[in-house]
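J.: Structure in structure tokens, see below.
The values are calculated or read from the model by the stated rules, or taken from the named source; none is laboratory data. For clarity, every value in this text was computed on a predicted model and none was experimentally measured. Don't worry about glycine lacking a Cβ; one is built from the backbone with ideal geometry, like all the others, and counts go over all protein chains shown. Just the protein is used for accessible areas: all its heavy atoms, side chains included, with ligands, DNA and RNA removed. Shrake-Rupley method; radii C 1.70, N 1.55, O 1.52, S 1.80 Å.
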Amino acid sequence: MSTGSIVLDTSLSNVSLGSSFPEDRDTEIKHEVKCLSIIVLGASGDLAKKKTFPALFHLFQQGFLQENDVHIFGYARTKLSDDDLRERIRGYLSHKSSSGQTEVLSRFLQLIKYVSGSYDSEDGFQLLNKEISEHEISKNSQPGTSRRLFYLALPPSVYPSVCRMIRRYCMNQSDLGGWTRIVVEKPFGKDLKSAEDLSAQLGELFDEQQLYRIDHYLGKELVQNLLVVRFANRFFLPLWNRDNIDNIQIVFREDFGTEGRGGYFDEYGIIRDIIQNHLLQVLCLVAMEKPVSLKPEHIRDEKVKVLQSVLPIKLEEVVLGQYEGYKDDPTVSDSSNTPTFATVILRIDNERWEGVPFILKAGKALNSRKAEIRVQFKDVPGDIFKCKKQGRNELVIRLQPSEAMYMKLTVKKPGLEMSTIQSELDLSYGLRYQDVKIPEAYERLILDTIRGDQQHFVRRDELRVAWEIFTPLLHRIDAGQLKPISYKPGSRGPAEADELLAKAGYVQTHGYIWIPPTLD
Ligand SMILES: NC(=O)C1=CN([C@@H]2O[C@H](COP(=O)(O)OP(=O)(O)OC[C@H]3O[C@@H](n4cnc5c(N)ncnc54)[C@H](OP(=O)(O)O)[C@@H]3O)[C@@H](O)[C@H]2O)C=CC1
Ligand SMILES: O=C1O[C@H](COP(=O)(O)O)[C@@H](O)[C@H](O)[C@H]1O
């Protein structure tokens, strides 16, 4: 139980909610007059219905997509009519049941058309191009001014052929400010070589400025907050280094298993699914040096540099797990060696971080669902209160659920005695920003794509270094040289992972649990 709580009243601070970043970032709502076509390839699939179309709907609701300019196309092999697709996705588009909102939903659905075709046939893409062009002409769009955003909600195996087809049949002219942009989903390859091959194939067809490699963790509110917290607060600047920080954990936990995605997951495993991309991207933002400016290339340059300083992973700093029952899924091989849990320690060999373990932990079918960053500080020297045993200072950034940042600290226990307790300074978003709806990651990233802001997308060289870090370990797992330890679904994962944490220097605060504050 939390034994005390101090709520950090940020209303007393000078934080300006409305302030936007400097001129090199376009954060204002800008109504562009050029015609915009958004094409969701793989529109019949899981991601499209659960994430892509809902994100587009939310952007429409908020006025970021204007009816006069925008048309949305679904493309896939499945034979569907426009209405079939609309009915498939309707249930995933959350809206309030007032008549106004229902009308907004129907207006949105009317923007959607469906084109059926294969991923490597001329006919399908010629037809798609014809539909898009007709829409552009109907909007009186001048050649060279219109915008085409292709969102590949597809298995990566078809990216090369789809990109070839787009390049050959669906490009628009761009001489008057129009553009063609391609959003590709992870996983971008399975190891260094396959990722490089994929990058080379896509790179022959499109410039880096046209390719948006999406990692939806980069669209999460508290991930986007990381650079602001680190570089706009005097508190943290002098503390953020090996002199003060003992260890950093970046944790992803899910309380459900592979749920119908066993076939996909078994080919990839938790390191490729979560750690090599989502958690490593978070690590970059936690560990990188201050960029020269907020220009996307300056930020991405710093991310690459910190990744290049990561030392080879030591096998004794890895624990793998597989939950009991994982192989009951008929799409998973009976002899599967795929980890559904992993703890991996990364070490960054630079002046700021030498000796500080970055503990990346991810698991499926665990006892809770959350993602967080836990920065644990070193013990206070000269412990006159004898309170070290109670716990160390920690800054916890809760990415989800219940977005929050809290600082665990030692305070005097209120009352007549002079004793100490663990408490927290707590910035819980639900309480502090009651009127703000935190946008979905995909919503934000699609908007960034429309605006041409690549800051929150993975650059080709970043991707290469990310694979360089994990490929040797992944090859050993694939070759069966490392075996996952079995763990019970609903548990914390293998006990060996907690032992590794302790060995790395993490000190757990016993008897303290942070409880997200609520309004009542
Ligand atoms: N689903 C999720 O939660 C997440 C998914 N992703 C990524 O997004 C992408 C899409 O994922 P998801 O929607 O789950 O995938 P699906 O398996 O649902 O595939 C999407 C569509 O692609 C077509 N398709 C499926 N398999 C093949 C194949 N072997 N060859 C050609 N076409 C195929 C199908 O359409 P049709 O047969 O009609 O052509 C299907 O509806 C993947 O790269 C995935 O890794 C990333 C994060 C989360
Ligand atoms: O990319 C993926 O992410 C989801 C978790 O996303 P979140 O935003 O809900 O944290 C994960 O379930 C899936 O396996 C993975 O492919």
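J.: Sticking with the crude label model, points 7 Å out along Cα→Cβ, report the distance from GLN142 to GLN173 in nm, one decimal please.
T.: My value for the distance between the label points is 1.0 nm.
J.: How far, in nm, would the chain grow between ASP120 and ARG476 when pulled straight, counting 0.36 nm per residue and subtracting the alpha carbon separation?
T.: Value of the extension gain: 124.7 nm.
J.: A further question follows. Based on the alpha-carbon gyration tensor of segment 257-361, what equivalent-ellipsoid semi-axes (square roots of 5 times the eigenvalues) come out, in whole Å, largest first?
T.: Computed over segment 257-361, the values are 33, 16, 9 Å.
J.: If you project the alpha carbons of segment 340-489 onto their three principal axes, what span does each projection cover, largest first, in Å?
T.: 60, 46, 40
J.: Related question: Where does the charge balance sit around LEU463 when Lys and Arg score +1, Asp and Glu -1, over other residues with C-beta under 14 Å from its C-beta?
T.: +1
J.: Further question on the same structure: Using only the alpha-carbon atoms, how far is helix 495-504 inclined from the longest principal axis of the chain? Give it as 0 to 90 degrees, nearest 10.
T.: Helix 495-504 sits at roughly 70 degrees to that axis.
J.: What's the Cα-based Rg to Rh of segment 444-520, Rh via Kirkwood?
T.: With Rg and the Kirkwood Rh in hand, the quotient comes to 1.13.
J.: On a 0 to 90 degree scale, rounded to 10, what angle separates helix 192-205 from the longest Cα axis of the chain?
T.: Once rounded, the angle reads 30 degrees.
J.: A follow-up question, please. Out of the total accessible area of the chain (probe 1.4 Å, heavy atoms of protein only), what percent is carbon and sulfur?
T.: The C+S portion of the solvent-accessible surface of the chain is 51 percent.
J.: Restricting everything to alpha-carbon atoms, can you work out Rg to Rh for segment 62-118 with a Kirkwood hydrodynamic radius?
T.: 1.00
J.: Give me the percent of Cα-Cα pairs in the chain that sit more than 34 Å apart, rounded to a whole number.
T.: Counting pairs separated by more than 34 Å, the tail of P(r) holds 42 percent.
J.: Enter the accessible area of HIS510 (Å², nearest 10), with the probe set to 1.4 Å and all protein chains included.
T.: Approximately 150 Å² of HIS510 is accessible to the 1.4 Å probe.
J.: Among bridges DSSP assigns within the chain, what percent are antiparallel (round to 5)?
T.: 50 percent
J.: Does anyone have the angle between helix 441-451 and the longest principal axis of the chain? Alpha-carbon axes, 0 to 90°, nearest 10?
T.: 50 degrees
J.: Counting Lys and Arg as +1 and Asp and Glu as -1, each charge on the Cβ, what is the dipole of segment 153-222 about the Cα centre in debye, to the nearest 20?
T.: Approximately 220 debye in magnitude.
J.: Can you work out the accessible area per residue across segment 260-322, with the rest of the protein chains kept in place, probe 1.4 Å, in square angstrom?
T.: It amounts to 35 Å² per residue over segment 260-322.
J.: Amide H neighbours of ALA404 under 5 Å, at least 5 residues apart or on other chains, H built in the peptide plane: list them.
T.: ARG398, TYR429
J.: Would you please give the FRET efficiency between ASP84 and SER333, computed as 1/(1 + (r/R0)^6) with r the Cβ-Cβ distance and R0 = 35 Å, to the nearest 0.05?
T.: 0.50
J.: Would you pull out the residues with amide H under 5 Å of GLY117's amide H, same chain only if 5 or more places away, H placed 1.01 Å from N?
T.: Here the answer is ALA76, ARG77, since their amide H atoms fall under 5 Å of that of GLY117.
J.: For a quick check of understanding: with a 1.4 angstrom probe and all protein chains in place, what accessible area in square angstrom does ASP46 have, to the nearest ten?
T.: 70 Å²
J.: Another question, if that's okay. Looking at the square roots a ≥ b ≥ c of the eigenvalues of the Cα gyration tensor of segment 71-186, which shape do they give, rounded for a/c under 1.5, prolate if a/b is larger than b/c, or oblate?
T.: It is oblate, given that a/c is not under 1.5 and a/b is not larger than b/c.
J.: Expressed in nm to one decimal, what extension gain is obtained for the pair ILE485 and ARG107 from 0.36 nm per residue of sequence separation less their Cα-Cα distance?
T.: Separation in residues times 0.36 nm, less the Cα-Cα distance, equals 130.9 nm.
J.: Once you keep just the Cα pairs under 8 angstrom separated by 6 or more residues, what percentage relative contact order results for the chain?
T.: 18 percent
J.: Another one. Given a 1.4 Å probe, how much area per residue of segment 472-520 is accessible, in Å²?
T.: About 62 Å² of surface per residue is accessible.
J.: If you don't mind, there's one more thing I want to ask. Give me the extension gain from PHE236 to LEU416: residue separation times 0.36 nm, minus the current Cα-Cα distance, reported in nm with one decimal.
T.: So the extension gain works out to 61.5 nm.
J.: Let me ask something additional. Magnitude of the Cβ-charge dipole of segment 357-446, K/R +1 and D/E -1, about the Cα centre, nearest 20 debye?
T.: In total the dipole reaches around 360 debye.
J.: Dimensions of segment 194-282 along principal axes (Cα, Å, largest first)?
T.: Dimensions of segment 194-282 along the principal axes of its Cα atoms: 44, 38, 24 Å.
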